[in-house]
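A short reminder: the numbers here are calculations on the coordinates, not readings from a lab. Worth saying up front: this structure is predicted, and the values here are computed from it rather than measured. With ideal geometry, Cβ positions are generated from the backbone for all residues, glycine too; neighbour counts draw on all protein chains shown.
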């Protein structure tokens, strides 16, 4: 019997209902988090903008508790800043901070693909190959559709590494990196194509258990992100879509 079932039985029907309510609440918080992350990534909530729980409740359609939990998670991941007596603000975007982020992401992502190469299960490798096809076939400038592929790509590698601590480390690095990248695309169609190819290469290498190719592809992706960050110096952010 799993931990959730055993604890629910131990405290009776009221306890079981409490656990079910908690699980549903967590699910709602995840939904709010995904909505707010998307709004921040695509500047529907602009850098430096003040936001209130009431406003976010209206914009997301969820209640106060899941909105508050989502904001706390976003604060831990440095997507928002919570100031006592002042409120909640969308975190600014900084080129200098992004260089420091990529410095850390380089090593952590290399570790992630190494782990995934050896630990990915057959079903996960099959998912990677299917995602590789989706990335290969992607065309156009629909940044929100590409964001779904990109987030799925990041999450699949981390899941295949089978290390919950690595997952905790990678989540904010990838979220912040996606946010910066989408805000600083000099040529949307070209950059989406380049990113699709780079992520495809990582997935194909991991799916084929080629550790060296996976690491080389991950480092090439990081080099690309560093180059794009240098290019963002002095260039205004891409307008919100």
(message) Once you keep just the Cα pairs under 8 angstrom separated by 6 or more residues, what percentage relative contact order results for the chain?
(response) 23 percent
(message) I'd like the distance separating the alpha-carbon centroids of region 199-214 and region 63-137, in whole Å.
(response) 20 Å
(request) Neighbouring Cβ atoms within 10 Å as the yardstick, rank 177, 139 fewest first. (result) 139, 177
(request) In nm, give the distance between the simple-model label positions of residue 223 and residue 96, each being 7 Å from the Cα along the Cα-to-Cβ direction. (result) 2.8 nm
(request) With label points built 7 Å along Cα→Cβ from the Cα atoms of residue 164 and residue 142, find their separation and express it in nm. (result) 3.6 nm
(message) Using only DSSP helix segments of four residues or longer, with each worth -39500 (n - 2.57), what per-residue ellipticity at 222 nm results for the chain after dividing by its residue count and rounding to 500?
(response) -25500 deg cm²/dmol
(request) Using all C-alpha to C-alpha distances in region 95-232, build P(r) with 10 Å bins and read off the rounded percent in each one. (result) 13, 46, 35, 6
